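The values are calculated or read from the model by the stated rules, or taken from the named source; none is laboratory data. Note that the coordinates shown come from a computational prediction; the quantities given were computed from them, not determined experimentally. Glycine also receives a Cβ, built like all others from the backbone with ideal geometry; neighbour counts cover every protein chain displayed. The accessibility values were calculated without ligands, DNA or RNA, using every heavy atom of the protein model including side chains. Shrake-Rupley method; radii C 1.70, N 1.55, O 1.52, S 1.80 Å.
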Amino acid sequence: MNVTSPKAHRNIALMAHVDAGKTTLTEQLLAHAGAIRVAGSVDSGTAHTDALPVERRRGISVKATCARLVWRGAEINLIDTPGHVDFTAEVERSLWALDAAVLVICAVEGVQPQTEALFQALREQNIPAVLFLNKIDREGADPVRVLAQIRRRLSPDAAPLDDPAELAETVCAHDDALLERYLSGETLPEGELRARMAQLCREGRAYPVLTGSALRDTGVEAVLDAILDCLPGPKAGESLCGVVFAAEQDRTLGRGAWVRLYGGRLENRDAVTLPAGVDPLTGEPRAVQRKVTQIRSVDGDSVGRLTGGEIGVVYGLGDVPIGHVLGDPALLPRRVEPGRLRTPLITVQAIPNAPEEMPALRAACETLSGEDPLLHARYVRALDELHLSAMGAIQLEILEELLKTRFGLSASFTQPAVIYRETIAQPADGFVAYTMPKPCWAVMQFHIEPAPRGSGVTFESVVPVRDIMARYQHQVEQALPLALSQGRLGWQVTDVKITLTGGNHHLIHTHPLDFIVATPMGIQDGLRRGGSTLLEPILDVRFLLPPESVGRVMTDVAVMRGTVGESRFDGERVILDAQIPVATSLDYPTALASLTGGRGGMSARLHGYAPCPLELGATAKRRNVDPLDASKYILAARSALEGGIFDAE
């Protein structure tokens with residue numbers, strides 16, 4: 001066995017479709033490396049990486065968990081990620097922290113829709129991976145069939161590390177010199193083939209395949225060796241660059257931020273600059289400095305320092321948001337953007353067991369939202385309602401249990417409702433003259449027009465700075481998220497181009513925040529004049545079906561106002577692509593399981609938004625004062641500049 005340099009280091013995520021045996025593999029890896037004495041069991045609720053009571057009771061991973069082991073003298077940080085699609089956000093945040101992955105695939109079930117989604121995410125982010133075919137001891141296991149699936153549906157550049165012939169074909173496809181030797185009849189040394197395969201893997205051009213059974217403890221050490229031999233270590237730069245990818249609460253130290261440092265170093269007592277909203281006096285962005293109070297390793301030891309390539313927990317940063325980049329964002333190896341992999345498309349209202357428990361429930365949900373930004377807890381003061389975004393029914397069940405076990409709160413949720421969006425129907429101008437009651441002065445003219453679907457919001461100004469000072473124009477752009485948080489139908493406004501075409505400030509009467517207060521009034525005036533188009537979320541859905549179920553599913557897709565795309569036979573099952581509105585497909589995974597006797601599956605990701613007749617969609621209640629009700633809006637703005645109307649949600 002090779003000995004790796006003591007300085008070698010790996011940050012690896014284990015990823016899989018639910019029930020592929022990923023957590024069991026994690027336990028065996030930790031046990032073989034001596035990090036734990038005995039491997040825990042998912043079924044018995046003793047898995048070390050399933051620390052939450054709800055995870056142990058249900059036998060599923062809810063949160064990504066990081067554990068450390070040492071193999072051949074190298075430190076390996078293993079991130080065990082959830083497999084259920086409702087917790088894909090945890091997987092996405094793990095991508096920010098890792099250098100490579102082990103993708104676990106069940107040798108019985110083969111490549112599942114979620115397997116494809118995970119593999120695609122790895123490819124998009126250029127993250128190398130080793131593939132592990134698990135459960136080869138199970139009845140129905142067929143590694144040859146699954147390898148063929150992998151080559152058809154994931155990548156043709158996948159080859160078993162223990163098969164010299166397969167390895168030679170894959171490696172030679174990427175190396176002309178080796179191909180020439182191979183075609184001349186030379187027997188290529190297995191060591192040379194494996195070394196070249198490892199190089200291709202580190203470059204993200206090929207995928208070594210291993211087989212084994214985590215439950216029966218076979219093939220586990222081969223995975224550990226492949227992590228070191230085939231997957232890359234971190235490349236650390238000198239300048240400070242890191243990302244906050246998770247958070248946890250410590251009873252003594254408070255909120256801890258899980259940080260992956262890509263460059264530089266971070267030490268106890270270092271000052272870190274964090275965003276702190278908008279200055280209520282100037283309307284400009286403001287920052288606050290927080291001092292690092294303690295740094296802990298993945299193991300929980302107090303280390304006092306993080307260097308490039310390492311992962312640790314940093315205390316003292318307060319409510320630093322998940323996804324915040326420390327140092328220079330340009331040095332990150334990949335984009336940090338919550339919701340790229342999967343976006344919450346439904347919303348629910350959380351209802352406390354008793355009205356007097358609302359403050360406690362709100363605080364608990366805001367804490368959980370700080371750990372999972374896509375949960376997006378928002379309290380609507382005017383309605384005394386607490387709203388949450390969610391991925392699906394399983395997440396809501398887990399959330400209900402977490403509130404009970406972690407916070408001692410009983411809560412229920414309303415039926416899920418789809419999160420729609422809206423856009424302006426036709427070009428229009430909006431006008432606002434915020435000149436009364438004094439002292440105030442902000443006059444603006446906007447031109448708002450529809451933009452291509454999926455383009456979001458763009459803003460430009462053609463107003464000379466002599467008419468509206470540059471810093472006031474900057475404030476207008478800052479106020480747009482608030483102004484567009486609810487349109488005339490009550491949903492977030494998107495796919496619009498907004499141009500500031502006219503207006504003026506006053507040298508005496510203009511207050512620093514007047515343009516922030518006035519912008520929603522002018523924008524809403526334009527939206528009212530242009531009319532609104534409701535937009536509903538549309539999913540790209542991939543079905544994996546037994547042949548006898550295809551006709552029924554195609555009929556169901558039509559009933560759900562969907563469109564059927566390509567279909568192709570893949571061994572024993574059919575792959576069927578479709579586009580379906582979220583509103584009509586919320587309960588379809590359950591119906592599909594019943595229809596196919598559990599043999600069918602589906603994966604979905606957001607395709608985009610499409611116009612929807614209002615009678616088939618829904619409007620939303622306004623969460624704050626309508627800016628077109630000028631007198632009430634101005635009163636609310638002036639009495640609550642640091643809250644109230646400035647809480648976009």
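At the residue level, V465 shows approximately 90 square angstrom of accessible surface with a 1.4 angstrom probe and all protein chains present. These residues, W258, W441, go from largest to smallest accessible area, 1.4 Å probe, as W441, W258.
Shown for the chain: the carbon plus sulfur share of the solvent-accessible area, taken with all protein chains present and a 1.4 angstrom probe, equals 51%. Assign one of three labels to segment 153-195, namely rounded, prolate or oblate, based on the Cα gyration tensor with a ≥ b ≥ c the square roots of its eigenvalues; rounded applies when a/c is under 1.5, prolate when it is not and a/b is larger than b/c, and oblate otherwise. In terms of gyration-tensor shape, oblate. Sorted on the mean count of surrounding Cβ atoms within 10 Å across their residues, most packed first, peptides 391-403, 409-421 read 391-403, 409-421.
Quick one: grab the alpha carbon gyration tensor of segment 183-252, order the square roots of its eigenvalues as a ≥ b ≥ c, and give me rounded if a/c is under 1.5, else prolate or oblate depending on whether a/b is larger than b/c. Since a/c reaches 1.5 but b/c is at least a/b, the shape of segment 183-252 is classed as oblate.
The angle separating the long axis of helix 143-153 from the principal Cα axis of greatest extent in the chain is about 40 degrees. Note: relative contact order over segment 141-189, using C-alpha pairs below 8 Å and six or more positions apart, is 18 percent.
Taking every lysine pair in the chain that is 8 or more places apart or spans two chains, those with Cα atoms closer than 16 Å amount to 4. DSSP beta bridges fully contained in the chain are about 75 percent antiparallel.
Packing around the peptides 562-571, 314-323, 592-601, taken as the average count of other Cβ atoms within 10 Å per residue, puts them in this order, highest first: 314-323, 592-601, 562-571.
For the chain, the longest principal axis of the alpha carbon atoms and the long axis of helix 630-639 meet at an angle near 70°. Annotation: for a label point projected 7 angstrom from Cα along Cα→Cβ of E460, no residues of segment 530-548 have a backbone N closer than 16 Å. Computing FRET efficiency as 1/(1 + (r/R0)^6) for A287 and N126, where r is the C-beta to C-beta distance and R0 is 22 Å, gives about 0.10. Across the chain, C-alpha contacts under 8 Å between residues 6 or more apart give a mean separation that, scaled by the residue count, equals a relative contact order of 10 percent.
The dipole here belongs to the chain: it is taken about the Cα centre, uses +1 on the Cβ of Lys and Arg and -1 on the Cβ of Asp and Glu, and is about 1220 debye.
Surface calculation, 1.4 Å probe, protein heavy atoms: R542 sits at approximately 70 Å² accessible. What the Cβ-Cβ distance of L179 and D137 gives, at R0 = 41 Å and to the nearest 0.05, is a FRET efficiency of 0.65. Across the options T423, G600, V541, the greatest Cα extent toward the positive end of the charge dipole of the chain (unit charges at beta carbon of Lys, Arg, Asp, Glu) belongs to T423. Sorting 360-367, 544-551 by their mean Cβ neighbour count within 10 Å, with the most densely packed peptide first, gives 360-367, 544-551. Helical content alone sets the calculated 222 nm signal of the chain at -8500 deg cm²/dmol, taking -39,500 (n - 2.57) per DSSP H segment of four or more residues and averaging over every residue. Put the Cα centre of segment 89-168 next to the Cα centre of segment 431-491 and the gap is 48 Å. Normalised per residue, the accessible area of the chain is 43 Å², obtained with a 1.4 Å probe and no contribution from ligands, DNA or RNA.
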